[in-house]
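The values are calculated or read from the model by the stated rules, or taken from the named source; none is laboratory data. Because the structure is predicted, anything quoted here is derived from the model rather than measured. All Cβ positions, glycine included, derive from the backbone under ideal geometry; neighbour counts span all protein chains shown.
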C-alpha cells in the first residue's frame, strides 16, 4: 500500500502507485467533500477557490484518521528539509491538493495530485471548458504531476447530477482528443466499485511520453 518502483527513464513513470492506495485517497476525498457539503449551506453557489479553502480541513481530518497514513496539503506547499510535516510555501506548478504518503518524505515529487474544478450537470459551457483547459490540460502538458502514473480531477457538480456532468466532460475530451493526447477516452472506472461517479481517461504527457491515468471523481455539492 505504498508508492514503489522509481525510475527516470524517458517514457517510464517516475514512480508506481498501487491501486489500493489510490482507492484509499479517493475515499478520503469523497468523504471530505460530502462532509463539507453537509456543514456548509449554499456551498454550490461559492466560487472554486473558497470551496477549496473550506474543503481543506475536512481533507486533513479524514486523512489524519486513515490507515495507512496520508497527508493532504494544499498547492504551494513543498518540503523544506525532507522530514515529515515540515513545509515551506510559494511554489507554482502544483494541483490544488497533494496527497503525500508517509513513505515518501524523502521524495517530494512522489505524491498524488488532486485538481478541483466546478462543473455543471445541466449544460456544457464555460465550466466544462475550464475543467478541460485549466485542469486536464495541465496534467497533459506536464504543468502538473510531470512523469506521474496517475492523478485525480475532482468535479464539484454545483447543478444537475454527476452522471450528466461526466457526459459533458466525455464529449469535451473527445473533441480535443488529439490536443489532449487521449489514449483512452472517459469511461467508468469499474476497478473502483465503491465510487458511483468515478471515471478515468488516459493521456500521453507531452514532455515525458509517460501515459498518465486521470481519475475523474464527480461529487454533488447539493
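The table for this structure:
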read-out: Residue match in the range 58-73 (condition: modelled with pLDDT under 90, under 14 Å from the mean Cα position of the chain (by Cα) and closer than 26 Å to residue 212 by Cα); value: yes
read-out: Complete set of residues in the range 208-222 that are out of contact with any strand residue (DSSP E or B) (no Cβ under 7 Å at 6 or more places or on another chain) and surrounded by 13 or more Cβ atoms within 10 Å (Cβ to Cβ); value: 208, 210
read-out: Given (1) at pLDDT 95 or above; (2) buried (at least 18 other Cβ atoms within 10 Å of the Cβ); (3) in contact with a strand residue (DSSP E or B) (Cβ under 7 Å, 6 or more places away or on another chain), number of the condition residue 132 does not satisfy; value: (3)
read-out: Pick from the range 197-209, criterion in contact (Cβ under 8 Å) with a residue 24 or more places away in the chain and under 17 Å from the mean Cα position of the chain (by Cα), ranking: farthest from residue 145 (Cα to Cα); value: 197
read-out: Listing of strands (runs of 3 or more DSSP E) fully contained in the range 144-207 that carry 3 or more residues being exposed (fewer than 14 other Cβ atoms within 10 Å of the Cβ); value: 182-188
read-out: Test: residue 93 is under 30 Å from residue 165 (Cα atoms), out of contact with any helix residue (DSSP H, G or I) (no Cβ under 6 Å at 6 or more places or on another chain) and at pLDDT 50 or above; value: yes
